[in-house]
Structure formats: C-alpha cells, structure tokens
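Undergrad: After the structure tokens below, expect a handful of questions from me.
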Amino acid sequence: MRTLFIGNSHTYYNDMPAIFKEICSENGIDMQVTMLTKGGMGLDYHAENEQTRFNILFGDYDFVILQHVAHPMGEFEVMQEAADKIMSWVGQTSAIPCYFMTWTEENNEQFQQEMASRYRKLGERHNCLVAPVGEKWWERIHEDPSVDLYFEDRRHASPAGSKLAAHVIFDTLKAKIDDKRNLAK
C-alpha cells in the first residue's frame, strides 16, 4: 500500500510519515510513504504546485493525507478553496483522502475548537476521514502533563508528539486499510 502525506513542518518534523510506516509494519501492513511538504505552507501552496497534482493523479496512492498550515491558520475560505481543488484531483483516483487535523500552539488551546471545526467542515464537504490529531493532542496533555508533546518552540511536535500524530492517523485509517487488504485477497 502507498500513502501520500501533503503538508508542512507539522508533517515532516521527526519524520512523522516514517513513524506511521513503522506503526503499519508493526501491524503487519507493508506501507510505502511519500511526503510533499514545505515549511510554513498550507493547502493553498500545494493546490498550485504541479508536483502535488502529478503525485495525486499518477502516484497510485491508497491514501492521501492533507494537512493545512496551523500557525497562523489563516482564512477558512483559502483553506476550503485549496482543499476543493486538491480533492478534485483525489476524486479522479481510487485513493482514500484523510484530513490531518493539527494542534494549536501551547499557549493557544482555546483555538483548538475552531481548528477542529474547520477540518470537520472539510471532511463533511468532501465526505472523507478526519484524523483528530489536535483533539487527541490536548486530551493527552490533560491526561498526563508530564508527557511533553511540544518541541522547544512550543508549536511543533516533539518526538512524542509526532508519534501521537502517527498513531491517530493510523487509527483513523485502520478500517479502510483492512478493507483494502481484504479486497486484495
């Protein structure tokens, strides 16, 4: 199986897609991962990038994970227009799309609800999965504050934060992975 991760530093910090691949392997799933990322860029950047379109249309991916810029998140309309364009490409393939809901900066927890709402709106609009990483992030912090999910800049993920993100994405995709594996039998 093949997964394409599209995003920015929230995706590439600590090589999170490789952690996702490792989790897949631990669960008996051979998963190849590809990353299209650029620091500080959102889906609007990727929607105008020919490499994004080409990879989606011709990369033969099973899953496409989409992550928008988080800090600052910007206007929802920009995110939505870019998502619409990217999803039009995904819709021409058999790939299953999934939005990767990010987390807020450490000192801005109150914005997590708005961030989650935006990703859920896109999930509903495009009838696709949403990996609730940001919500699970804050749940984990409240359950066990001794686990530091943040990198020293208090915006990006520490290794523990990237591992949590990879696990939430895996858990979100697991039923669809199983469906695809059963179809291949």
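We did not get these values from a lab; they are worked out from the coordinates using the rules stated. On a predicted model such as this, the values are computed, not experimentally measured, just so you know. All Cβ positions, glycine included, derive from the backbone under ideal geometry; neighbour counts span all protein chains shown.
Undergrad: I need to check one value: relative contact order of the chain, counting alpha carbon pairs closer than 8 Å and at least 6 residues apart, in percent. Let's see the in-between values first.
TA: Values: 306 pairs, mean separation 42.1, N = 185.
Worked out over the chain, it gives 23 percent.
Undergrad: Whose amide H sits under 5 Å from the amide H of Y150, counting only residues 5 or more places off or on another chain, with H placed in the peptide plane?
TA: Distant-sequence amide H within range of Y150: S158.
Undergrad: Using DSSP to call loops (not H, G, I, E or B), can you name the GluC sites (Glu not before Pro) in the range 118-156 whose Cβ has at most 12 other Cβ atoms within 10 angstrom?
TA: E152
Undergrad: Rank Y99, Y119, Y13 by mean-square fluctuation in a GNM of the chain with C-alpha springs under 10 angstrom and give only the top-ranked residue.
TA: Result: Y13 has the largest fluctuation of those listed.
Undergrad: Along the range 69-82, what does the Karplus equation 6.51 cos²θ - 1.76 cosθ + 1.60 (θ = phi - 60°) give for ³J(HN,Hα), rounded to whole Hz, x for Gly and Pro?
TA: 4, 10, 9, x, 6, x, 6, 4, 4, 5, 4, 5, 4, 5
Undergrad: Residues with amide H under 5 Å of F5's amide H, sequence separation 5 or more or different chain, H placed in the peptide plane at 1.01 Å from N; which?
TA: For F5, whose amide H was placed from the backbone, the distant partners under 5 Å are T34, M35, L36, I65.
Undergrad: Could you work out the helix-only [θ] at 222 nm for the chain, with each DSSP H run of four or more residues adding -39,500 (n - 2.57) and the total divided by the number of residues, to the nearest 500 deg cm²/dmol?
TA: Calculated at 222 nm, the ellipticity per residue is -16000 deg cm²/dmol.
Undergrad: Counting other beta carbons within 10 Å of each Cβ, put M41, M16, M79 in order, fewest first. Display every interim value, and only then the final one.
TA: Details: M41 17, M16 29, M79 22.
By the 10 Å Cβ count, ascending, the order reads M41, M79, M16.
Undergrad: Principal axis extents for the range 27-94, Cα atoms only, whole Å, descending order, please.
TA: Reported extents, whole Å, longest axis first: 39, 26, 17.
Undergrad: Assigning unit charges at the beta carbon (Lys, Arg +1; Asp, Glu -1) and nothing else, what dipole magnitude in debye, to the nearest 20, does the chain show about its Cα centre?
TA: Dipole of the chain, to the nearest 20 debye: 600 debye.
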